[in-house]
Amino acid sequence: MRIKIITSNAGKMREYAQALEGLGLEAFQGSVPYDEIQADTLEEVVGHGMRDLMLKEDSFIIDDSGLFIDHLNGFPGVYSAYVLKTLGNQGVLKLVEGVSERDARFECCIGCKLPGKEPFIVSASCEGFILDAPRGEGGFGFDPIFSSDGVRSFSELDMGEKNAISHRGLAVKKLAERIESEGSL
Ligand code: ITT
């Protein structure tokens, strides 16, 4: 089965291609504009986006993700894309400069609509820490400043290693279980 991933983010797209390939699914990128509201949770953003997209498309996957930093009460969270664009990783590091509590988590919310099936949402998170300085060349977005084990940043993992433990990798596993249980594979 082929699945259209509606995203403008090339980093996400690469991860979907690899994670879904392992499940025998072929991901391809689509760019269909849809309503992305500002809301308190990723699930609300995805739910709204899906309702809009279902008027135009009969199957797709969308993904809304964010970095939630404990010391900042979960900021940037649902504002992650804007914060990365405006402050960048250095700006985020400044917000936690000298702070010893570095706990953070990535969250990923996937909205999935398959032909002739009910739409559904799955979410997963990955706990970790904000590093003191960016490290590594791989990945995208906040990867250089986030580590799940406190040793290597997500940018220092290869994509397979990241997908095995990341918010997106875990959400894709839930997605696959759900698709299998509905007999769509
Ligand atoms: P869409 O077109 O799919 O919406 P986006 O880049 O706007 O792409 P999000 O709003 O979901 O995506 O992402 C919020 C921000 O978090 C964005 O700047 C991403 O680059 C970043 N991000 C999401 N997943 C990430 C990951 O696995 N590692 C590092 N940064 C990530």
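Just so it is clear, none of the values below were taken in a lab; they were calculated from the coordinates. What you see is a predicted model; the values in this text were computed from it and never measured. Ideal geometry is used to build each Cβ from the backbone, glycine not excepted, and the neighbour counts take in all protein chains shown.
Yes/no per residue for (1) in contact (Cβ under 8 Å) with a residue 40 or more places away in the chain; (2) under 23 Å from Glu180 (Cα atoms); (3) under 18 Å from the mean Cα position of the chain (by Cα):
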| site | (1), (2), (3) |
| --- | --- |
| Ile3 | yes, yes, yes |
| Ser8 | no, no, yes |
| Lys12 | yes, yes, yes |
| Ala17 | no, yes, yes |
| Phe28 | no, yes, yes |
| Gln38 | yes, no, yes |
| Met50 | yes, yes, yes |
| Leu55 | no, no, no |
| Ser59 | yes, yes, no |
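Among the residues of the stretch 61-83, just one is in contact (Cβ under 8 Å) with a residue 60 or more places away in the chain and away from the ligand (no atom under 12 Å from the Cβ), namely Ile69. If you go through the stretch 129-185 and keep only what is among the acidic types (Asp, Glu), in contact with an Asp or Glu (Cβ under 9 Å, 6 or more places away or on another chain), assigned to a helix (DSSP H, G or I) and more than 10 Å from the ligand (Cβ to nearest atom), you end up with just Glu156. Within the bounds of the stretch 25-34, is there any residue that is β-branched (Val, Ile, Thr) and more than 10 Å from the ligand (Cβ to nearest atom)? The answer is yes, given that some residue of the stretch 25-34 is β-branched (Val, Ile, Thr) and more than 10 Å from the ligand (Cβ to nearest atom). Where residues in the stretch 76-94 are hydroxyl-bearing (Ser, Thr, Tyr) and out of contact with any strand residue (DSSP E or B) (no Cβ under 7 Å at 6 or more places or on another chain), which of them is nearest to Pro134 (Cα to Cα)? My answer is Thr86.
Can you tell which of Gly136, Gly66, Gly74, Gly98 is buried (at least 20 other Cβ atoms within 10 Å of the Cβ) and among the small types (Gly, Ala, Ser)?
Gly66
Whether a residue is in a helix (DSSP H, G or I) and within 14 Å of the ligand (Cβ to nearest atom) was assessed, and Lys94 does not pass this test.
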